[in-house]
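Chemist: Below is one structure. I have some questions about it.
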């Protein structure tokens with residue numbers, strides 16, 4: 001028994017060393033553990049952990065105020081204007097660095113186009129797993145305190161689902177584990193061991209596929225059982241709440257519809273849902289941008305890391321499209337700068353990420 005126990009422990013130790021030497025990725029499970037926590041706000045249920053940090057395929061850091069990105073202050077700098085970006089893991093920037101993600105790209109493009117109108121700060125309020133209701137509550141309970149001049153909502157096509165997300169399930173499961181000794185031991189192990197974290201990642205991934213992917217596969221059939229007209233009505237009801245909240249604080253609003261990235265755009269299956277989202281936004285006097293217009297100029301594989309999350313090129317194209325839409329309206333910049341459009345980037349100029 002001693003020999004067998006010693007052999008197992010030495011094997012585990014050797015595997016741990018190998019996993020650390022080759023820097024085996026541990027994916028969304030460890031990202032969530034380090035950067036997401038339960039929230040006291042019953043409408044949010046969970047939120048980013050201030051000061052949290054994780055290293056997976058890229059580094060993720062949450063600043064002291066609970067936003068992904070560099071440290072900032074509640075008060076705006078003199079003469080600065082602010083954009084608050086709301087959304088889920090797309091806005092947060094899964095699988096890309098902070099510099100490559102939408103919020104920082106938009107900030108760079110707006111400041112380059114500012115023409116002396118003052119510095120623009122773009123704050124990233126994206127939280128992996130949020131739906132539209134949670135995003136609106138994040139605006140009410142958090143983002144408005146930062147005095148934004150504009151709010152941009154990155155609308156993922158699954159944002160009309162109820163409180164149903166991978167991240168919420170992980171947060172609830174970890175809370176339950178801490179109530180038992182075996183659960184606390186497991187949490188201790190996965191928080192300190194790359195090997196055990198990888199095993200949890202793979203097991204959780206398999207479980208998620210069994211429970212969620214078959215039910216909500218964005219590549220097969222309709223995303224929702226309800227008709228698009230019903231989804232449009234539900235969306236317009238939520239956007240009416242958003243518009244009222246923005247209007248009461250004198251803040252401009254824009255809805256950005258993000259395509260699914262699972263197939264060629266010439267046979268894209270969700271165009272009707274895109275049109276419904278744009279029409280619902282415009283009916284509530286919110287500006288709307290459909291990224292399908294710019295994304296369609298590219299091979300879909302160049303824009304994605306997985307079926308949902310954009311690549312560095314995808315984030316740049318999205319930021320360019322939004323910058324142009326803002327400048328066309330005279331919001332935060334005087335006019336659309338001369339030069340290439342959102343359809344003219346070379347994929348070879350951007351880092352290619354695969355395999356998630």
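Chemist: So between residue 346 and residue 43, what do we pick up on full extension, going 0.36 nm a residue minus the alpha carbon distance?
Modeler: In short, 104.9 nm is gained.
Chemist: Could you order the peptides 235-248, 94-107, 336-349, 298-311 from most to least packed, using the average number of other C-beta atoms within 10 Å per residue? Intermediate values should be presented prior to the final figure.
Modeler: Details: 235-248: 16.9, 94-107: 22.5, 336-349: 12.0, 298-311: 19.6.
Ranking the peptides 235-248, 94-107, 336-349, 298-311 by packing returns 94-107, 298-311, 235-248, 336-349.
Chemist: Just to be sure I understand: of the beta bridges DSSP finds with both ends in the chain, what percent are antiparallel, rounded to 5? Don't skip to the end; give the middle numbers.
Modeler: On the way: 9 of 29 bridges.
Here the share of antiparallel DSSP bridges comes out near 30 percent.
Chemist: Have a look at 180, 72, 35 and tell me which one the Gaussian network model of the chain (Cα, springs below 10 Å) gives the largest fluctuation.
Modeler: Its mean-square fluctuation being the largest, the pick is 180.
Chemist: Could you compute the FRET efficiency for residue 17 and residue 73, with r as their C-beta to C-beta distance and R0 at 30 Å, rounded to 0.05?
Modeler: Working: r = 43 Å, r/R0 = 1.42.
Once the sixth-power term is evaluated, E becomes 0.10.
Chemist: Next up: With springs only between Cα atoms under 10 Å apart, run a GNM on the chain and tell me which of 143, 56, 84 wobbles the most.
Modeler: 56
Chemist: Give the average over all directions of the projected area of the C-alpha convex hull of the chain, one decimal, in nm².
Modeler: Details: hull surface 77.9 nm².
Taking a quarter of the hull surface, the average projection is 19.5 nm².
Chemist: Let me ask another. In units of 2.2 N^0.38 Å, what is the alpha-carbon radius of gyration of segment 244-348? Write out the running numbers ahead of the final one.
Modeler: Details: Rg = 14.6 Å, N = 105, 2.2 N^0.38 = 12.9 Å.
Rounded to two decimals, the normalised Rg is 1.14.
Chemist: I need 59, 187, 135 ordered by Cβ neighbour count within 10 Å, fewest first. Write out the running numbers ahead of the final one.
Modeler: Values: 59 10, 187 15, 135 27.
Ordered from fewest to most neighbouring Cβ atoms within 10 Å, 59, 187, 135 come out as 59, 187, 135.
Chemist: Shifting gears a bit: Hey, with R₀ at 41 Å, roughly what FRET efficiency would residue 203 and residue 335 work out to, going by the Cβ-Cβ distance, to 0.05?
Modeler: On the way: r = 53 Å, r/R0 = 1.29.
According to the calculation, E is roughly 0.20.
Chemist: Additional query: Starting from the Cα-Cα distance between residue 99 and residue 181, subtract it from 0.36 nm times their residue separation and give me the gain in nm to one decimal.
Modeler: Working: separation 82, 0.36 × 82 = 29.52 nm, distance 4.06 nm.
Working it through step by step, the gained length comes to 25.5 nm.
Chemist: Could you please rank 295, 350, 155, placing first whichever residue has the fewest other Cβ atoms within 10 Å of its Cβ?
Modeler: Details: 295 24, 350 18, 155 30.
Least crowded to most crowded, the residues run 350, 295, 155.
Chemist: Can I ask one more? Before anything else, pin down the relative contact order of the chain: Cα pairs under 8 Å, at least 6 apart, normalised by residue count, whole percent. Before the final figure, lay out the partial values.
Modeler: Working: 552 pairs, mean separation 62.9, N = 356.
After rounding, I find 18 percent.
Chemist: On to the next question. Ordered by packing density, taken as the mean number of other Cβ atoms within 10 Å over each peptide's residues, highest first, how do 144-151, 314-321 rank? Mind showing how you got there, number by number?
Modeler: Working: 144-151: 18.9, 314-321: 24.5.
Order by mean packing, descending: 314-321, 144-151.
Chemist: On to the next question. With each run of n ≥ 4 DSSP H residues scored as -39500 (n - 2.57), what mean residue ellipticity at 222 nm is computed for the chain after dividing by its residue count and rounding to the nearest 500 deg cm²/dmol? Write out the running numbers ahead of the final one.
Modeler: On the way: 12 runs with 148 residues, N = 356.
Rounded to the nearest 500, it is -13000 deg cm²/dmol.
Chemist: Please report, in Å, the Rg and the Dmax of segment 13-97, where both are computed over Cα atoms only.
Modeler: Cα-based Rg and Dmax for segment 13-97 come out at 15.8, 56 Å.
Chemist: Compute the distance in nm between two label points, each set 7 Å from the Cα along the Cα-to-Cβ direction, one at residue 279 and one at residue 191.
Modeler: So the two model labels end up 5.1 nm from each other.
Read-outs: derived from the displayed coordinates by stated rules, not from any lab. Note that the structure is predicted; figures quoted are calculated from it, not measured. Please note: Cβ atoms are built from the backbone with ideal geometry, for glycine as well, and neighbour counts cover all protein chains shown.
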